[in-house]
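The values are calculated or read from the model by the stated rules, or taken from the named source; none is laboratory data. Keep in mind that what you see is a predicted model, and the values were worked out from it rather than measured. FYI the Cβ positions are ideal-geometry reconstructions off the backbone, even for glycines, and counts take in every protein chain you see.
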Amino acid sequence: MQRKLRFARAPGLDGNPLRRGIDRLQTAVTLGLCALFLISAPLLATAAWRWTHQASLAQQRAEQGWHQVSAVTLQSTPPADQYASQWQDTAVLASWAAPSGIKRVGEILVPAPLAAGQRVRIWVNGSGWQTGPPLSPSQLTTRAIGVAALAPILLAGALLSIGWLARWLLNRRKLADWEAAWTLVEPQWTKQR
């Protein structure tokens, strides 16, 4: 019995006659926000998963037209300075042929050192402009899982902020009520007018 009373007292559900209306309102706001989270979090995670999955499928369809082509560097990479890492890529001017046969020229990232005239494989879109490699199915799944996990976390942050603001406002109201009550009682206790 004592244990049940303790669990009911913690959120303010024990029916204590000393609890004021504002205390019951604060309990109702807290429990309402908790219930809202428990109901909304799974729905939001599912919606975020579906939205991300649809966006990933659209991106996969767009990436189906990407091809790897051979680009020829038009300039050498600059000499590495003492602070540059040997694994750091460098941008150099290169030319390549688009899938339609149009010649394209632009900057590409290549590992240093590389001389002019070297061939490098790059990914291009259907128009022949350079892109990165297409995303793998595991990368798309990881993205969807990440968004589905992040959505309830953001919801919890928003609801915690609302709860904190409500608690702050209600505590201000409680302090104002206590001050008003003390203003009435103080003269009787201290004999001050």
Among the residues of segment 161-176, what is the count of those that are surrounded by 12 or more Cβ atoms within 10 Å (Cβ to Cβ) and either in contact (Cβ under 8 Å) with a residue 24 or more places away in the chain or small (G, A, S) (or both)? 7
Just the residues that are out of contact with any strand residue (DSSP E or B) (no Cβ under 8 Å at 6 or more places or on another chain) and either within 17 Å of W51 (Cα to Cα) or surrounded by 12 or more Cβ atoms within 10 Å (Cβ to Cβ) (or both), please, taken from segment 127-137. S127, L135, P137
L135, sole failed condition from (1) assigned to a loop (DSSP other than H, G, I, E, B); (2) closer than 29 Å to D23 by Cα: (2)
I need a count of the residues in segment 167-191 that are more than 17 Å from R19 (Cβ to Cβ) and assigned to a helix (DSSP H, G or I). 15
Restricting to segment 102-124, name every residue that is surrounded by 14 or more Cβ atoms within 10 Å (Cβ to Cβ), in a strand (DSSP E or B) and touching a residue at least 40 places away in the same chain (Cβ under 8 Å). V120, I122, W123, V124
Considering only segment 155-193, state which residues are among the acidic types (D, E) and touching a helix residue (DSSP H, G or I) at 6+ places or on another chain (Cβ under 8 Å). D177
Given the criteria touching a residue at least 40 places away in the same chain (Cβ under 8 Å), polar (S, T, N, Q), out of contact with any His (no Cβ under 7 Å at 6 or more places or on another chain) and surrounded by 14 or more Cβ atoms within 10 Å (Cβ to Cβ), does T52 qualify? yes
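Taking A94, is it in contact (Cβ under 8 Å) with a residue 24 or more places away in the chain, outside any loop (DSSP other than H, G, I, E, B), under 30 Å from L31 (Cα atoms) and of a type in the set (G, A, S)?
No: the conditions fail for A94.
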So is T30 of a type in the set (S, T, Y), under 30 Å from A148 (Cβ atoms), surrounded by 13 or more Cβ atoms within 10 Å (Cβ to Cβ) and modelled with pLDDT of 85 or more or not? yes
